[in-house]
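Notes to accompany the following structure.
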Amino acid sequence: MSSPHRSFSKDDKDTRERFCRKMSMQEYELINDEKEDESCLQKYRKRCMQDMHQRLSFGPKYGYLCELQNGEQFLEAIEKERKTTTVIVHIYEDGIKGCDSLNNSLTCLAAEYTTVKFCKIKASNTGAGDRFSDEVLPTLLVYKGGELLSNFISVSEQFSEEFFAVDVESFLNEYGLLPERELPALGNVNTDEQDVE
């Protein structure tokens, strides 16, 4: 009864023989086909996720800092935009401290926040140049649905002597004026490391 050698039943022997024998070519091909099927399934899932992301990305995409030429274009940029689109307008003049840095920063942010419409216009081209003296420039105006949400006069005073896009981004985020950052392109995802379900 207490023998160290266990007697195997017929089913146990069959099971043991199945595990101990070599794999046939058909079994090997079936296993490899399953791996290829899984790879195809992951590619299909990835493509579906990309399609879904594109469908859910509502509204137009901009991605650049638009130069407005006159007051009429200024009004159109604000009033003829979708109600859900944030429009950020930089009013500047050449030679004013901080205006060039703010233009460069907004150019970078426009590429990053493509659902936000970033514009710039010279104060002298607005038709209300007397309201925008050198003392209040650079000025940032933020609109949504045609309504003024925020206006920041002499905005460069909020930053250090030398400032960059990350400083302007932090400033705008502090007031909740920028949307959530967009998802990175799904094409760069390594499907071997991620299991999408």
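Here are the numbers:
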| quantity | calculated |
| --- | --- |
| Rounded accessible area of residue 130 (nearest 10 Å², 1.4 Å probe) | 140 Å² |
| Subset of 83/120; 43/117; 80/122; 97/117; 46/144 violating a 29 Å alpha-carbon distance limit | 43/117; 46/144 |
| Shape call, region 74-139: gyration tensor on alpha carbons, a/c limit 1.5 | oblate |
| Percent antiparallel among DSSP beta bridges (both partners in region 40-159, rounded to 5) | 55 percent |
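The values are calculated or read from the model by the stated rules, or taken from the named source; none is laboratory data. Note that the coordinates shown come from a computational prediction; the quantities given were computed from them, not determined experimentally. In case anyone asks, the SASA skips ligands and DNA or RNA and just uses the protein heavy atoms, side chains included. Shrake-Rupley method; radii C 1.70, N 1.55, O 1.52, S 1.80 Å.
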